[in-house]
Amino acid sequence: TLLASAYFDAAKPVAERAASVVAVGPDVIVSTIGGVFKDGTVGAITAFSADTVSCNIGDANAIWIDCSSGSNCNQHPVIGTQIYRLKPVNGANQFEQIGMSWLKHGFCAADAPNCGTPYTPHASCDWLGLFATDTYGAGLNGSQPNLGPRSEIQAFTGVYPYPYILAAGQSGNAVYKRTQVANNDIDTTMNAGAQYYSEVVYITTDESTTNGVRNNNYSTKKLLASAGLNLSATGSTIQLVPAVQHWATVEPGVTVQHVDVSATDGRFTLGYKTTALGGGQYHYEFVLLNQNSDRSGQAFEVPLSPGASCTSVGFSDPEYHSGEPYSNVDWTPTVTANSNVRWAGETYAQNVNANALRWSTAYSFRFNSNGVPTPGFVTLTLFKAGTPTTIQIPADVPGQACSIFTYCTPSVTTHGCSPAISGTGTPSATATSGFTMNCTNVEGQQSGLFFYGTTQTAVAWALGSTSVRCVSAPVSRLSLQNSGGTVNQCNGTFSIDWNAWASSHPGAIGYPFSAGQSFYAQSWFRDAAAITGTNLSGGLGFTLCP
């Protein structure tokens, strides 16, 4: 049955619209997501339906034509529900959309109060008045005969055929057309530490396409998972915010970017986070939501700086179901060294029903890299023809690799020693310990030190010398040491923690340090018998992690 506003969330009231604001027309939002209820399980799939409350916060009545009498009309909102999961995996969180519904077609606006002022009801089933609410219980939102396909909606304009063409009036088993999720995605024994969120969107036919009011049609609410493949709503509704945007409020370090395709198409929202895994490795997580773009997405590309690795490449997307014509074939990743990692589906020319990133769906892209997070741009290629064909979105991308490497061949010393320089641990711009430079096979009982600079070279130490200088001036010298060991034997060693030394020497070359900086080091030791100066190691290069 049609409900009044019993589910309106008084803890999250809609603000009063000031009388002086520019006219916006109707502006329908999801003011409340109420209860979320399990409809049943069929095989490997479980379905849910939710209570929803809408509110018109605009300055004109919102059209809500009641088509229940059988008249042909397409002037009422359609309502979609999505489910998301945030889950820890191998030291980083993965955020992904795991389910979605077909669309509830609205009818007969209840025109109830309690969502702000000035409350001005229209007193007609066919219109939702100003700051008036309309509520549908989970029973109505999950009523299969009144659920229509997403594939027939033009998301930016809200236009659709009515009666809808695909599966009009049809019912089926417990999961048919409803908000479907895979059992494995919500089984509490398989998803330790996971958090879940319900998201609801209203797509309307009469909101303006020119003033941004179509971009506030999403709201989100937290869900609790329990045994028996159950999800239940908890807490207050997060109004006007899609789940991808809410991700940034529940996980520190997440950044959200909005980008509008054009004046005649809709919006994409990107959420991303880079997580340090240790050992110079980072997990990159990108989640791209198509809020209301009809042109949709066909490919997603992240640049890779020279030397940046790309491993554990992943992709996830929600599944279309119940007869929707769209493909569910996953996008294929391609890694091109020193260039990019790119995920792509079929083009529009190849298949008009390809698995494009269509409205109200979010695709997740992930990988690990030794590339230090660096400000850059990711690229979205659009699915349908038009201008532009691609969009660049600001995001952190893998920059120069956080790395340690040796270069520059050392010479043999007077007593036949071949000094070997190496590094262990993680060179860091912020850590106060943890990266040790070592030089072994040094003349015993000699004084010596490490020095470093910002540029490598390979030139003779001096005229007639067989030693090679591997670091260009200017340089910073680290603390003087004794190699230990035995005189005239090759068992001496130098060792120092560069992180600890650098953090206590603010005048050192490169200070203040930042991730992505590269340095070059070498070891020198005193050798009185080295007439030609054979007392230098080879070179050690390193790039700083955060």
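The values are calculated or read from the model by the stated rules, or taken from the named source; none is laboratory data. Small disclaimer: the values here were computed from a predicted structure and weren't measured. Using ideal geometry, Cβ is built from the backbone for each residue, glycine included, and neighbour counts are taken over all protein chains shown. Please note that ligands, DNA and RNA were not included when accessible areas were found on the heavy atoms of the full protein model with its side chains. Shrake-Rupley method; radii C 1.70, N 1.55, O 1.52, S 1.80 Å.
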Cα centroid separation - segment 210-252 against segment 263-311, whole Å: 20
In Å², nearest 10: area of T436 left accessible to a 1.4 Å probe: 40
Under 19 Å from the Cα of K104 - aspartates and glutamates, other chains or at least 8 residues apart: D27, D39, D51, D66, D126, D134, E152, E199, D206, E207, E319, E324
Förster radius 45 Å - calculated FRET efficiency between T454 and E319, Cβ distance, rounded to 0.05: 0.30
Cβ-placed point charges (K, R +1; D, E -1), dipole of the chain about Cα centre in debye, nearest 20: 1140
Distant-in-sequence amide H partners of Q75 (H built 1.01 Å from N, under 5 Å): I65
In order through segment 497-513: 3J(HN,Hα) via Karplus (6.51 cos²θ - 1.76 cosθ + 1.60), integer Hz, x for Gly, Pro: 7, 5, 4, 5, 5, 5, 5, 9, 10, x, x, 5, 4, x, 6, x, 7
Top positive-direction residue, dipole computed over the chain with Cβ charges, set W64, T426, A174: T426
Value of Rg/Rh across segment 405-542 [Cα atoms, Kirkwood radius]: 0.96
Relative contact order of the chain, defined on C-alpha pairs under 8 angstrom at six or more residues apart (%): 11
Restraint check, K38/K177; K38/K222; K177/K384; K222/K273; K177/K222; K221/K273, Cα-Cα greater than 18 Å: K177/K384; K222/K273; K177/K222; K221/K273
Residue-averaged 222 nm ellipticity for the chain, from DSSP H runs of 4+ at -39500 (n - 2.57), nearest 500: -1000 deg cm²/dmol
Efficiency of FRET between T120 and T264 - r from beta-carbon atoms, R0 35 angstrom, step 0.05: 0.65
Accessible carbon and sulfur surface of segment 265-338 relative to its total accessible area, %, 1.4 Å: 51
Among I79, G116, C402 the positive-end extreme of the charge dipole of the chain (Cβ point charges): C402
Normalised contact order of segment 369-468, rounded percent, pairs of Cα under 8 Å and 6 or more residues apart: 20
Per residue accessible area of the chain, 1.4 Å probe, in Å²: 38
Cα principal axis extents for segment 377-474, largest first, Å: 73, 34, 24
At 1.002 mPa s and 20 °C, Stokes D of the chain from Kirkwood alpha-carbon radius, µm² per second: 80
